[in-house]
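Structure first, commentary second.
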Amino acid sequence: MLILGVNAFHGDVAAALLDDGQLVAAVEEERFRRVKHWAGFPDQAIQSCLAIAGASPGDIDAIAVSRDPRAHLWRKAWFAARYRPQLRLLTGRARNAAAVSGIHERLAATLALPDAHVRARMVPIEHHPAHLASAFFASPFDEAAVCAIDGFGDFVSTSFASGKGTRLDVEQRVYFPHSLGLLYLAITQFLGFGKYGDEFKVMGLAPYGAPEFAAQIRQLVRVDGHGRLELDLSYFRHWSDGVEMTWGDGEPLLGPVFTSKLESLLGPARKANTPVTPRHEAIAASLQAVYEECAFDVLRALHARTRSPRLCLAGGCAMNSVANGKIRANTPFEEIYIQPASGDNGTALGAALSAWHARGGRRAFVMRHGYWGPSFDDRAIGGALDARSPDVTRLATRHLLANEGDVCEWAASRIADGKVVGWFQGRMEWGARALGNRSILADPRRSDMREIINTRIKFREKFRPFAPSIHESALSEYFVDAVPDPFMVQVYPVRPEKRGVIPAVTHVDGSGRLQTVSPETNPRYWRLIDAFRAHTGVPVLLNTSFNENEPIVHQPSEALDCFLRTDMDALVMGNHVLEKLRD
Ligand SMILES: [Fe+2]
């Protein structure tokens with residue numbers, strides 16, 4: 001049975017394809033459109049999933065869409081009666097609901113199938129249950145507590161569930177307008193980071209400051225002993241005026257969600273592209289601290305209810321890797337599973353898995369690695385290089401090596417020499433993190449490497465950290481109380497004695513957002529790290545996504561273009577290796 005999962009008319013639209021409950025392909029639309037967090041409809045992601053599976057649209061048995069505008073209608077009516085929001089909010093919601101309701105037309109056009117055929121196969125899965133399903137049904141656990149925390153989806157911002165076998169019972173919800181995601185978004189915007197998804201920047205900035213504004217930020221939010229949270233709405237406007245939101249084809253856009261009252265509490269808001277001051281760092285630190293307090297309160301309440309030692313986490317807030325790394329120390333949970341697309345992209349996967357189990361399908365799938373996108377063989381890579389032959393010849397040497405061992409040795413020796421290497425291999429990553437198939441790699445031992453990559457290749461804020469990829473077997477040698485994580489979604493302290501060994505991947509507070517690599521999850525990447533270890537004694541590489549202020553590269557021509565236009569030293573694609581000519 002072939003089930004297509006679709007996230008549409010939200011941020012990070014995506015598609016996932018299941019064959020008899022096994023994931024075959026999963027990919028975000030942004031990689032094809034070359035615009036981060038692409039909203040609207042994932043036409044190309046759907047086509048890519050079908051191509052990877054070798055299936056045609058007529059083979060699809062069910063299409064699970066991770067939205068249900070009919071969910072919580074009485075709640076929506078109660079909200080409108082109680083809060084009397086401005087017309088703009090209601091019309092904005094109605095426009096988005098109409099887009100979702102008309103989704104069968106877009107599906108029919110994309111799949112070139114009759115509208116009636118598509119309608120008969122469509123299954124709406126509410127946004128939050130789709131988040132919950134993406135975590136639990138992809139996890140190795142037969143039984144677990146499950147939690148989703150995000151901005152909003154289908155009028156819900158937080159949900160708790162008990163997962164057992166193929167059942168997922170939602171036990172509690174927090175409804176619009178209260179949301180931890182909105183709290184994080186408001187302060188992110190206040191700090192002058194206005195793009196969709198900029199919360200990562202604030203999380204990276206936080207360790208530079210002390211939480212001096214925590215008392216003030218606590219005034220914005222309250223969590224009770226049952227995990228129910230409430231915002232002080234006088235600081236927010238998403239519930240009253242109707243914030244400008246664009247979820248059509250293109251980059252998602254959000255207007256400001258905070259009111260001027262926030263400035264009376266925290267001082268003037270930072271304007272974009274003005275210097276980041278110690279006050280901004282302290283506000284970022286305070287937000288992160290208060291977010292963690294609230295999230296742990298929610299999770300402790302979930303534990304009190306379920307008594308499970310296992311937690312599956314999803315929702316945009318599950319991308320807060322700093323908080324994730326502290327869950328085991330601050331709650332009774334002992335084991336945690338977070339799949340790499342825990343944001344709205346993952347709802348495509350969750351919707352498909354929900355539909356599979358709703359049809360009586362067994363648990364047949366555990367996501368143990370993140371490589372679910374398209375791949376390109378050496379012939380296709382050679383073709384992309386030939387197409388830019390004059391530029392390649394002018395700027396670089398080019399060779400085709402014989403085998404994986406040679407490729408790993410070639411790259412490792414250059415990384416050990418301080419070169420920055422683009423590394424493009426196998427299937428593209430699912431989720432926001434590059435996990436060693438579309439990565440830029442460098443030597444973590446060099447303290448200047450962060451500055452070099454930020455200023456010569458990535459052209460991004462200097463405060464943003466780089467992540468370590470580490471042999472799973474060496475984890476406890478380098479990190480304190482860390483657990484294996486192939487998806488880079490948890491931050492742990494680097495052992496004090498190792499901070500000087502890997503300074504380029506040790507953040508200012510001594511932490512690292514690690515990715516563990518094993519021969520089972522990514523053999524070629526493991527072998528590369530092993531070759532680097534043979535040169536240096538250090539089984540760690542600096543790993544950052546292969547891109548330059550754009551979505552992660554998808555195909556060889558994009559990787560080559562990024563290599564040629566930036567100051568990257570070498571490029572390895574499949575068995576093809578290129579090295580820049582230097583004077
Ligand atoms: Fe969401």
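Per-structure values
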{"read-out": "Complete set of residues in segment 562-583 that are of a type outside the set (A, V, I, L, M), farther than 28 Å from Glu472 by Cα and in contact (Cβ under 8 Å) with a residue 40 or more places away in the chain", "value": "Cys562, Phe563, Thr566, Asp567, Glu579, Lys580"}
{"read-out": "Single match in Arg75, Arg93, Arg70 (criterion: surrounded by fewer than 19 Cβ atoms within 10 Å (Cβ to Cβ), closer than 21 Å to Ala133 by Cα and among the basic types (Lys, Arg))", "value": "Arg70"}
{"read-out": "Filtered residue count, segment 275-291, keeping only those that are within 11 Å of Tyr184 (Cα to Cα) and among the acidic types (Asp, Glu)", "value": "0"}
{"read-out": "Any pair with Cβ under 7 angstrom, 6 or more apart, that starts in segment 523-538 at a residue that is among the basic types (Lys, Arg) and ends at one that is assigned to a helix (DSSP H, G or I) and crowded, with 17+ Cβ neighbours inside 10 Å", "value": "Arg527/Cys408"}
{"read-out": "Yes/no for Gly192 being part of a strand (DSSP E or B), away from the ligand (no atom under 15 Å from the Cβ) and farther than 18 Å from Lys76 by Cβ", "value": "no"}
{"read-out": "Residue within segment 306-316 that is part of a helix (DSSP H, G or I) and within 23 Å of the chain's Cα centre (by Cα) present", "value": "yes"}
{"read-out": "Residue list for segment 143-181, restricted to those being part of a strand (DSSP E or B), of a type in the set (Ser, Thr, Tyr) and more than 12 Å from the ligand (Cβ to nearest atom)", "value": "Ser162, Tyr175"}
{"read-out": "Residues (of a type outside the set (Gly, Ala, Ser) and assigned to a strand (DSSP E or B)) located in segment 12-27", "value": "Leu17, Leu18, Asp19, Gln22, Leu23, Val24, Val27"}
{"read-out": "Long-range neighbours under 6 Å by Cβ, at least six apart or interchain, first residue at pLDDT 90 or above within segment 223-247, second among the acidic types (Asp, Glu)", "value": "Val223/Asp297"}
{"read-out": "Boolean, Tyr184 is in contact (Cβ under 8 Å) with a residue 40 or more places away in the chain, in a loop (DSSP other than H, G, I, E, B) and within 15 Å of the ligand (Cβ to nearest atom)", "value": "no"}
{"read-out": "Condition check for Glu126: within 12 Å of the ligand (Cβ to nearest atom) and more than 17 Å from the chain's Cα centre (by Cα)", "value": "yes"}
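Residue-wise test of (1) under 30 Å from Met573 (Cα atoms); (2) away from the ligand (no atom under 16 Å from the Cβ); (3) β-branched (Val, Ile, Thr); (4) out of contact with any helix residue (DSSP H, G or I) (no Cβ under 9 Å at 6 or more places or on another chain).
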residue: Ile338; (1), (2), (3), (4): yes, no, yes, no
residue: Thr347; (1), (2), (3), (4): no, no, yes, no
residue: Ala358; (1), (2), (3), (4): no, yes, no, yes
residue: His369; (1), (2), (3), (4): yes, yes, no, yes
residue: Thr393; (1), (2), (3), (4): yes, yes, yes, yes
residue: Ala402; (1), (2), (3), (4): yes, yes, no, yes
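The values are calculated or read from the model by the stated rules, or taken from the named source; none is laboratory data. Source: prediction; values computed, not measured. Neighbour counts are summed over all protein chains in view; Cβ atoms, including those assigned to glycine, are modelled from backbone coordinates with ideal geometry.
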